[in-house]
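Engineer: Below is one structure. I have some questions about it.
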Amino acid sequence: MFQATNSYIKFERRLSVSEQQQEQNKVAVVIVAHPDDAEFAAAGTVAKWVEEGWDAYYVICTDAAGGGPDEATDVGLAARQKMTETRKREQRAAGAVLGLKDVIFLDYPDGLLQPTIELRRDIVRVLRKYRPARVICQSPDRTWEPFMAIGRYHPDHMAAGQATLMALYPASQNPWDFPELLNEGLKPHKVKEIYISGAPHVNFFVDISDTMDKKIEALMCHESQFIGRTEELAKMMRSRVSDLGKKYWVEYAEEFHRTENR
Ligand SMILES: [Zn+2]
């Protein structure tokens, strides 16, 4: 009887230490395919967390070389390189608006992203290095309701979502996965909370009424994507995010499928 009680206490103590470590580890990592994806999906949430004392990082999986205008006729190497430089600069500027600690570019070819073992390993490397308690990622699945918004189903987005979820479990927390990372000194890390944007099932919202202006300001940094229609986009964004807010009885909201990794 005494032993059972004792082990129960030990178990409680272990949980408590783990909780404390989690509390100290106020680090959030957002993993998406392209510059501007995170602004559309979650910049208000990220700005809010930063204001609450979280260290936030973005991980952009592609080199964004294919993010030029639809009417472009020169899509050669030089044009692609220029686009990469422009979009990285814009993403860093948006990061500065939000107060990010850093933006990490994995530089996979834009438009060709696949949930490969290599991408999974690169994401695990980031997770083990920065050791976030929270991760925001894109959905690997399409949402058919209330309507099929085709622009949302960029294959790079789904690949980034798939690779991230596969990196989160079990590879990030399992020393037996990617032993080469252990050799790099990167110890296993368990991410506690996962926020999936654009998921078929949504179960969580963040009230971003206080950080909506920052979301718009960060989005506007991606000038190359909205040439001549920045005003229109800002208006559209406010209206869309306000509609989401109405759903939750707040002014502005971002929504996710949130899950805990227990
Ligand atoms: Zn995108």
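The values are calculated or read from the model by the stated rules, or taken from the named source; none is laboratory data. On a predicted model such as this, the values are computed, not experimentally measured, just so you know. So basically every Cβ, Gly included, is an ideal-geometry build from the backbone, and we count neighbours across all protein chains shown.
Engineer: Does region 224-234 contain at least one residue that is under 24 Å from residue 26 (Cβ atoms) and within 16 Å of the ligand (Cβ to nearest atom)?
Structural biologist: As a first pass, look at region 224-234 and keep what is under 24 Å from residue 26 (Cβ atoms): none.
No; the residues of region 224-234 include none that is under 24 Å from residue 26 (Cβ atoms) and within 16 Å of the ligand (Cβ to nearest atom).
Engineer: Among what's in region 34-75 and is in a loop (DSSP other than H, G, I, E, B), hydrophobic (A, V, I, L, M, F, W, C) and touching a helix residue (DSSP H, G or I) at 6+ places or on another chain (Cβ under 6 Å), pick the residue that is farthest from the ligand (Cβ to nearest atom). Can you show your working first?
Structural biologist: So in region 34-75, the residues in a loop (DSSP other than H, G, I, E, B) come out as 34-36, 52-54, 63-75.
Cutting the leftovers down to hydrophobic (A, V, I, L, M, F, W, C) gives us 54, 64-65, 72, 75.
Add one more test, that the residue is touching a helix residue (DSSP H, G or I) at 6+ places or on another chain (Cβ under 6 Å), and what stays is 64-65.
Details: 64: 9, 65: 13 Å.
The qualifying residue farthest from the ligand (Cβ to nearest atom) is 65.
Engineer: Show the residue pairs meeting these rules: Cβ distance below 9 Å; 6+ apart or different chains; first residue within region 109-134 and within 14 Å of residue 59 (Cα to Cα); second residue at pLDDT below 95 and among the polar types (S, T, N, Q).
Structural biologist: If the second residue must be at pLDDT below 95 and among the polar types (S, T, N, Q), the pairs left are 131/25; 132/25.
Engineer: Give region 116-170 a look and list any residue that's among the polar types (S, T, N, Q) and either under 14 Å from residue 41 (Cα atoms) or in contact with a Lys or Arg (Cβ under 6 Å, 6 or more places away or on another chain) (or both), or say none.
Structural biologist: Applying the first criterion (among the polar types (S, T, N, Q)) to region 116-170 yields 116, 138-139, 143, 162, 164.
If the condition is that a residue be among the polar types (S, T, N, Q) and either under 14 Å from residue 41 (Cα atoms) or in contact with a Lys or Arg (Cβ under 6 Å, 6 or more places away or on another chain) (or both), then 138, 139 are the ones that fit.
Engineer: Exactly one of these conditions fails for residue 37: (1) surrounded by 14 or more Cβ atoms within 10 Å (Cβ to Cβ); (2) charged (D, E, K, R); (3) free of Cβ contacts under 8 Å to residues at least 40 places away in the same chain. Give me its number.
Structural biologist: The number of the failed condition is (3).
Engineer: Name the residue, out of 118, 145, 180, that is under 24 Å from residue 80 (Cβ atoms) and more than 16 Å from the ligand (Cβ to nearest atom).
Structural biologist: Working: 145 fails: under 24 Å from residue 80 (Cβ atoms); 180 fails: under 24 Å from residue 80 (Cβ atoms).
Answer to the selection: 118.
Engineer: All but one of (1) loosely packed, with under 15 Cβ neighbours inside 10 Å; (2) modelled with pLDDT of 95 or more; (3) within 27 Å of residue 114 (Cα to Cα) hold for residue 239, so report the exception by its number.
Structural biologist: Every condition holds for residue 239 apart from (3).
Engineer: Quickly run through region 182-236 and pick out the residues that are of a type in the set (S, T, N, Q) and within 19 Å of residue 93 (Cβ to Cβ). So that I can check it myself, show each step before the final result.
Structural biologist: Residues of region 182-236 of a type in the set (S, T, N, Q): 183, 197, 203, 209, 211, 224-225, 230.
Result: 211, 224, 225, 230.
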